[in-house]
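Since every read-out is calculated from the coordinates, none of them should be taken as a lab result. Remember, it's a predicted structure, so these values are computed and weren't measured experimentally. Please note: Cβ atoms are built from the backbone with ideal geometry, for glycine as well, and neighbour counts cover all protein chains shown.
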Amino acid sequence: MEILSPLEKQLLLLLEKHGGKAEPEQLEMELVKVMNAASWLQSKGLVGMEEKLIKEYELTEEGERFLKEGLPEKNLLKGLKKASLEEIENKLGRKEAAIAIGWAKRKGWCDIVKEGDKKYLVVTEKGKEEVAKEQAEEEALEKIKEGNFEIDEEIINVLKRREAIREKERVKRSIFLTEKGWNVIKAGIKIEEEISQLTPEIIKSGEWKKKKFRKYDVKAFAPSIYPGKLHPMTQLIEKIRKIFAEIGFKEIRGSYVESCFWNMDALFIPQDHPARDMQDTFYCKKPDRIKIDRKLIEKIAKVHENGWKTGSKGWGYKFDEREAEKALLRTHTTVNTIRYLAHNPEPPAKVFSIERVFRRENIDSTHLPEFHQIEGIVYEKDANFCMLKGILKEFYNRMGFEKIRFRPSYFPYTEPSLEIEVRWQRKWIELGGAGIFRPEVTLPFGIEEPVLAWGLGLERMAMILLGLNDIRMLYFSDINWLRNLPLL
Ligand code: PHE
């Protein structure tokens, strides 16, 4: 007995009053206190707690209407013997007539007969009888409205099918007295005052000598508090911004809708490249074309056809200028950097962007049709491949990846090209691509020094950092997951 606090004793008595079992919310005690006392009593074996998932229902707007006006089939048949379907439709409107007739027919309350070229509804004997009675559906709707869910499964299903009710699941928690708990109560519970806060008055008066002290309990139950915080993707983007800002980069932005010219042609991606396929890229209807400076198109056309003055042989096909003006949703943020370079051909430059790109992917646990890329370039005299690897390594290290590796790769716009992989769960995961822009890309815009470029996936990295197996989780807005996620 001594080991019970006043709150625990109070809870035991309340449970007794409720017949030995109650939902925490039903008890005449603050919920926080109930849960605190209950968890202690549980650890002492005096109470048990159970959680049950129960189904409850609520009326939809349609259900409310049925309850107020009666079931449509009943209203239809009231005082009716026979009527043409046309007449009924005119009176009730098409939709309502279809519902009323449909259900009356299904219940065997009427027959539909054809006379000449007209169809008639004829009320059956059963119909006449039933219309006068309260229907099980109506009775059920009343019960549900009152919060009573003891209703025949079949009726529930009919009401669900009629979209008259909606299901809600609720976790019902209850606390109950165990045999040991009952025994303690039977032995008699005395609630005596305890000192929980020592004040100068209590000390001065000497009262403390006569009273019991409340033990300080660091493990006491307390409700969790979830303060507002930024979405993990926003936090991550902020962190990446900070890293690039710290190593001297400036952020640039672009737009979702771009031309094929900037998204692909300027990057020396051949016009028959599979990535350009309708299957892979979202092309726009409005606008379906974006005007490009003629001189620029002509120059890039030559680069593709024969290499122009870049020293390359080009792709050796006939460039389609109309193709270049097609509008699309940008498929990578490399379009931001080539645009930036075209307008700022003087070195040096260190810029980055973190933005959304679009690809025609089916959504599954590792693919999204919209995702983000972390793009960047270093444009300066004597920039080289080692610097590129150094920057990427530094970036991933700062993001918390210790082991990274580079593998040779291919992009039409870089040479050499590489792929970056990080080590995660005993596997190497590819996170992005990088390389040095080819002369076919840089020279047409008067860019003469080496440009180190990279494009890295954000969502895949986020999955790793947040420990997710499903990329969709990032955009599900699952409030529980978001609340319990530690700050990055
Ligand atoms: N644009 C490439 C992609 O989307 C990545 C990349 C950017 C590769 C820059 C090389 C240079 O995968």
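Per 0.36 nm of contour for each residue apart, how much would the distance between residue 105 and residue 65 grow if the chain were fully extended, relative to their Cα-Cα spacing? Before the final figure, lay out each step's value.
Values: separation 40, 0.36 × 40 = 14.40 nm, distance 2.08 nm.
Result: 12.3 nm gained on full extension.
Listing 252, 420 from the residue with the fewest other Cβ atoms within 10 Å to the one with the most, what is the order? Walk me through the intermediate numbers first.
Details: 252 19, 420 25.
In increasing order of surrounding Cβ atoms, one gets 252, 420.
Which value in nm describes the separation of the simple spin-label points at residue 271 and residue 364, placed 7 Å from the Cα toward the beta carbon?
With each label placed 7 Å out from Cα toward Cβ, I get 3.4 nm.
All other residues with a Cβ under 12 Å from the Cβ of residue 273 taken together, and with Lys, Arg as +1 and Asp, Glu as -1, what is their net charge? Walk me through the numbers on the way to the answer.
Numbers: positive: 276; negative: 265, 272, 277, 280, 323.
Net of charged neighbours comes to -4.
What number, rounded to the nearest 500 deg cm²/dmol, is the helix-based mean residue ellipticity at 222 nm of the chain, given -39500 (n - 2.57) per DSSP H run of at least four residues and division by all its residues?
Working: 21 runs with 185 residues, N = 488.
About -10500 deg cm²/dmol.
At a 10 angstrom cut-off on C-beta neighbours, averaged per residue, how do the peptides 451-459, 339-347 rank from highest to lowest? Don't skip to the answer; put the middle values down first.
Numbers: 451-459: 23.0, 339-347: 15.7.
The densest-packed peptide leads the list: 451-459, 339-347.
What is the packing order of peptides 206-216, 264-274, taking the mean over residues of other C-beta atoms within 10 Å and listing the highest first? Spell out each step's value before the answer.
Working: 206-216: 10.4, 264-274: 20.2.
Ranking, from highest mean packing down: 264-274, 206-216.
Which pairs in the list 74/143; 21/186; 21/168; 250/299; 242/286 are over 27 Å apart, alpha-carbon to alpha-carbon?
On the way: 74/143 19 Å; 21/186 16 Å; 21/168 24 Å; 250/299 29 Å; 242/286 36 Å.
Result: 250/299; 242/286 exceed 27 Å.
Quick check: Cα centre of the stretch 1-37 to Cα centre of the stretch 406-434, how many Å?
61 Å
Considering only 481, 450, 461, whose Cα is most displaced toward the positive end of the charge dipole of the stretch 403-488, charges sitting on Cβ of Lys, Arg (+1) and Asp, Glu (-1)?
481
For the pair residue 192 and residue 407, how long in nm is the line joining their label points, each one 7 Å along Cα→Cβ?
Taking the simple label geometry, residue 192 and residue 407 are separated by 7.5 nm.
How would you rank 243, 88, 300, going from fewest to most other Cβ atoms within 10 Å of each one's own Cβ?
Ascending Cβ contact count within 10 Å gives the list 243, 88, 300.
Taking each full run of DSSP H in the chain as one helix, which ones are at least 15 Å long along their axis (Cα atoms) and have mean Kyte-Doolittle hydropathy of at least 0.0? Before the final figure, lay out the partial values.
Details: long enough: 6-17 (16 Å, 0.24); 31-43 (18 Å, 0.62); 94-106 (18 Å, -0.42); 232-246 (21 Å, -0.09); 294-306 (18 Å, -0.85); 385-398 (20 Å, 0.08).
Going by DSSP H runs, the hits are 6-17, 31-43, 385-398.
May I ask you to compute the full-extension gain from residue 389 to residue 426, defined as 0.36 nm times their residue separation minus their alpha-carbon distance, rounded to one decimal in nm? It would help to have the intermediate numbers written out before the result.
On the way: separation 37, 0.36 × 37 = 13.32 nm, distance 2.24 nm.
Gain on extension, residue 389 to residue 426, equals 11.1 nm.
Among all the aspartates and glutamates, which ones have a C-alpha under 14 Å from residue 33's C-alpha, if same-chain residues fewer than 8 places away are not counted?
8, 23, 25, 217
Distance in nm between label sites at residue 31 and residue 247, each 7 Å beyond Cα in the beta-carbon direction?
Going by the 7 Å Cα→Cβ label model, 4.9 nm.
Can you tally the net charge around residue 31? Count Lys and Arg as +1, Asp and Glu as -1, for every other residue whose Cβ sits under 12 Å from the Cβ of residue 31.
-2
How big is the shadow of the Cα convex hull of the chain, averaged over all directions, in nm²?
Averaging across all directions leaves 42.5 nm² for the Cα convex hull.
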